């Protein structure tokens, strides 16, 4: 595996073999691999550094690599027929990139990816991933399961954007980000994505996003503490979807 270009003291821990092994195991369809298999995969992989606003790969380019975000934030972008760029979503640490190319008949990336801040990714050769799925039925089954989930999430994204009301789009997004827990009390959504790109993902301006978050805060449904959005009253949040603005 290639050496990492001058990591800072705050991030160098993330590049140690144990942390990278845990990173790979954190991808559901790679979780069945044993440590020796992961180490062999890491030996063929490399860590890449991206500057803010640098593109990792472009839509329709040959998909020679799959990636896992080590640190930073990456924006997924789809070029539309009319020449616009639509933000699909943003991916942070542990999130895989480019895996949909595994089912592309042409073997190309189906979207572009752009770093939104200083970012590091683990680059894994795509042929090695395909070979793993050929030799590990459990990996292949989990990959197909995750693919179905990915397609479901994209359909939900499309349904979200068809909602004409900006508040409904925002509330639906917050509810989807809530951690799965049956524990009572406030739940927290981390707002680590730059506001500009979260607004783009929700098809609104940053000013509209700030105004709507303020309205939800004033209603007592949420509280915002820097990068933490605390849901104080989930039912009140859900009731917002039933109320005309």
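Remark: relative contact order (the range 166-240) = 35 percent; criterion is Cα-Cα distance under 8 angstrom and separation of 6 or more residues. Taking the longest Cα principal axis of the chain as reference, the axis of helix 206-219 is set at about 60 degrees. Entry note, the chain: the mean residue ellipticity at 222 nm calculated from DSSP H runs of n ≥ 4, each adding -39500 (n - 2.57), is -11500 deg cm²/dmol after division by the residues and rounding to the nearest 500.
Helix 166-177 and the longest principal axis of the C-alpha atoms of the chain enclose an angle of approximately 50°.
If R0 is 22 Å, what FRET efficiency do you get for residue 219 and residue 165 from their C-beta distance, rounded to 0.05? Efficiency, rounded to the nearest 0.05: 0.90.
Counted by neighbouring Cβ atoms within 10 Å, the residues 188, 38 run from fewest to most as 188, 38. Using the Cβ-Cβ distance between residue 60 and residue 158 with R0 = 25 Å, the FRET efficiency computed as 1/(1 + (r/R0)^6) comes to roughly 0.75. Placing pseudo-labels 7 Å out from each Cα toward the beta carbon at residue 190 and residue 51 gives an inter-label distance of 2.7 nm. Taking other Cβ atoms within 10 Å as a rough exposure proxy, 76, 13 sort from fewest to most as 13, 76. Exposure proxy for 31, 101: other Cβ atoms within 10 Å of each Cβ, ordered fewest to most, give 31, 101.
Please state the relative contact order of the range 116-214 as a whole percent: Cα pairs under 8 Å, 6+ residues apart?
This gives 19 percent for the range 116-214.
Over the chain, Cα pairs under 8 Å with separation of 6+ residues give a relative contact order of 18 percent.
Read-outs: derived from the displayed coordinates by stated rules, not from any lab. What you see is a predicted model, and the numbers here were worked out from it, not measured in a lab. Cβ coordinates were reconstructed from backbone atoms using ideal geometry, including for glycine residues, and neighbour counts include every protein chain displayed.
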